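The values are calculated or read from the model by the stated rules, or taken from the named source; none is laboratory data. Since the structure is predicted, the reported quantities are computational estimates derived from the model, not experimental observations. Glycine gets a Cβ as well: all are built from the backbone with ideal geometry, and neighbour counts include every protein chain shown. Only protein heavy atoms, including side chains, enter the accessible area calculation; ligands, DNA and RNA are left aside. Shrake-Rupley method; radii C 1.70, N 1.55, O 1.52, S 1.80 Å.
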Amino acid sequence: MKVLDLKRFVLVILSLVVCFVTSEAAGKRSGSTDGFVRNPMLWADVPDPDVIRVGDTYYMVSTTMHLMPGAPIMRSKDLKNWETVSYVFNRLTDSPKYDLQEGTAYGRGQWATSLKYHNGRFFALLAPNEPGSIGDTYIFTAEKAEGEWTLLSRMRHFHDCSLFFDDDNRVYVIYGTGELMELKPDLSDVIEGTHQQIFQREADETGLLEGSRMIKHHGKYYLLMISHVYAPGRHRREVCYRADDIHGPYEKHVILQSDFGGFPHLAQGTIVDNEYGDWYGIIFQDRGGVGRVLTLMPCRWIDGWPMLGDEEGRVPTLMRAIKSGETERHIVCSDQFDDSRLGLHWQWNHNPIDQSWSLTERPGWLRLKTNRVVSNLYLAPNTLTQRMEGPTCSGAVRLDLTKMKDGDCAGFAAFNDETCALMVRKQGRNTELQLTELSVKLSKREKAVEDVTERVIWSTPVNKEIYLRIDGDFRPGSKDTATFYYSSDGSQWTQVGDGYQMRFDWQRFFMGSKFALFCYATKKAGGYVDVDYFNYHVTDK
């Protein structure tokens, strides 16, 4: 028996043993049994994934748009336990919109990054979804995916593209709906005159084909894309174009057309293998208020096509993890703020003002300072966010309010273009906690804030400190409900309001709801709040 075959045989035997001895009780975080992955693999907003394997480690990048730092790199050994280990960039600086001035970058910024490993280096290619030069493509590189990433080059815009290194070291970018260009060997720019339309979409594909992901397998080229077909019984699906030569001709096959978990349609993602030649698909699904979640599924090579799903072409509820016994890791985490550096699980809404927050001025606390005067939460600098997760999750914070100034607003929110917030308002000598619903209207081109409506649902006076909690429920049929609580001691909680329905709007923020900590001034800068902790857990009711 060959060494590789022996390794696979041992792996299968060990997997069978794990299957028999493992309890199928739900895990603390993901609803996963030990040794299994319960779909969604990541029940959080992790859209447009690209996943690669380097040795025994998987690396994934996802879209986070206007959040900074951007292009998060997540790492896993088993496609079950993921942690954020770096970001491709700390901030974008081409426009004051990234600083919440002269417009905003809501729903824009970094999109659909392509991640590759070639000749001992990592490469990330991304193009902000912006008009003009600020939408130019960036190529970053790093010796280690965990950082530091450096900017290698910039060039014309490529929409939803895939970087591809061929076996002969020629480099290509595949983008848009079946367009290709070759890059210079040093990746400094395109080679002019190499543009090619490698296929034409079919007549019934009235939407764009997007999310290009190119791989090479057994000498053939495979381009995975999302296809939109607006016809009875057909909508979003994952297709694959295959060719013997990168320039074509290409033939097409539908490799996934399925619903899952009470939600319709899955498409856009990639495929990746393990060390023993088994393949897996990682495809996202729109799930309302929580955003676009990731599912894990088998990829079976049938007649030379990477067919996704189980034997019936459907996403399985339960998948065996590639490895057992890995340390439990997560992309959303509690935080006691006892480090001098902010954890990688946090992202700022737009570029932060670095001098207006601190983890060292009061050790063990996060200090959020007001800086410039703004009129509403959507223009407030230094709003700090983490994803919300399904099936149900809960986040709680403790705030010290003693240094708020007249006109200051601070609190804890289920943040999106439609927001509900536990908002502390300082008016003169009075401090009041309010449950407030907010909605923003954005201009189409500049994403400028044209109007914000606020509706106070409930209010009560508060003193020097307050404990706030938000529970999220994203189970099918739950209507994506956020429930709000406050407490004076962190033990006895009082619910306020009847529950708020979180929403997903691709025309505004284009992302799932986030936990958000904020503090901004409406009259005069200089106040601040201190945050003692963020306690978080996921439950499976």
Between region 195-234 and region 109-151, what's the alpha-carbon centroid distance in Å?
-> 23 Å
Gained length - residue 459 relative to residue 197, 0.36 nm times residue gap less alpha-carbon distance = 88.4 nm
Values of log10 I(q)/I(0), in the order q = 0.06, 0.07, 0.09 Å⁻¹, for the chain under a Debye, Cα-only, solvent-free model | -0.30, -0.40, -0.67
Using Cα pairs closer than 8 Å and at least 6 residues apart in sequence, work out the relative contact order for region 278-372, in percent.
-> 15 percent
Applying the gyration tensor rule to the Cα atoms of region 99-207 (axes a ≥ b ≥ c; rounded if a/c under 1.5, else prolate if a/b exceeds b/c, else oblate), the class is oblate
Of the accessible area of region 492-541, with the probe set at 1.4 angstrom, what percent is carbon plus sulfur?
-> 43 percent
FRET efficiency for residue 452 and residue 328, using Cβ-Cβ distance with R0 set to 35 Å, rounded to 0.05 = 0.30
Taking only the C-alpha atoms, wrap a convex hull around region 271-382 and report its volume per residue in Å³ as a whole number.
-> 184 Å³
With r as the distance between the Cβ atoms of residue 429 and residue 310 and R0 = 60 Å, compute the FRET efficiency 1/(1 + (r/R0)^6) and round to 0.05.
-> 0.40
Just flag the GluC sites (Glu not before Pro) in region 296-359 sitting in loop per DSSP whose Cβ has no more than 12 other Cβ atoms within 10 Å.
-> 311, 312
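State whether region 353-423 is rounded, prolate or oblate according to the following rule on the C-alpha gyration tensor (a ≥ b ≥ c being the square roots of its eigenvalues): a/c under 1.5 gives rounded; otherwise a/b larger than b/c gives prolate, and the remaining case gives oblate.
It comes out oblate by the Cα gyration axes.
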Calculate, for the chain, the solvent-accessible area per residue in square angstrom, rolling a 1.4 angstrom probe over the heavy atoms of the protein chains.
-> 40 Å²
With Cα atoms, 0 to 90° folded angle of helix 3-21 axis to the chain main axis = 40 degrees
Surface share of carbon and sulfur [accessible, 1.4 angstrom probe, percent] for region 310-408 | 42 percent
Step through the residues of region 247-261 one at a time and calculate ³J(HN,Hα) from phi using the Karplus curve (6.51 cos²θ - 1.76 cosθ + 1.60, θ = phi - 60°), rounding each to whole Hz and writing x for Gly and Pro.
-> 8, x, x, 10, 10, 10, 8, 7, 10, 7, 8, 8, 9, 6, x
Ignoring ligands, DNA and RNA, how do 350, 217, 247 rank by accessible area with a 1.4 Å probe, largest first?
-> 247, 217, 350
Is the shape of region 415-518 rounded, prolate or oblate, going by the alpha carbon gyration tensor and its root eigenvalues a ≥ b ≥ c, with a/c under 1.5 for rounded and a/b larger than b/c for prolate?
-> oblate
Between residue 444 and residue 154, what is the label-to-label distance in nm when each label sits 7 Å out along the Cα-to-Cβ direction?
-> 2.7 nm
Leaving ligands, DNA and RNA out of it, work out the accessible area of residue 455 with a 1.4 Å probe and give it in Å² to the nearest 10.
-> 140 Å²
Points 7 angstrom from Cα along the Cβ direction at residue 119 and residue 402: gap in nanometres?
-> 6.0 nm
Mind giving me the nanometre distance, one decimal, between the label points for residue 498 and residue 361, set 7 Å out from Cα along Cα→Cβ?
-> 4.2 nm
Rounded to whole Hz and in sequence order, give me ³J(HN,Hα) for region 157-169 from the Karplus expression 6.51 cos²θ - 1.76 cosθ + 1.60, θ = phi - 60°, writing x for Gly and Pro.
-> 6, 10, 7, 6, 9, 10, 7, 9, 9, 7, 5, 8, 6
Just flag the trypsin sites (Lys or Arg not before Pro) in region 480-527 sitting in loop per DSSP whose Cβ has no more than 15 other Cβ atoms within 10 Å.
-> 523, 524
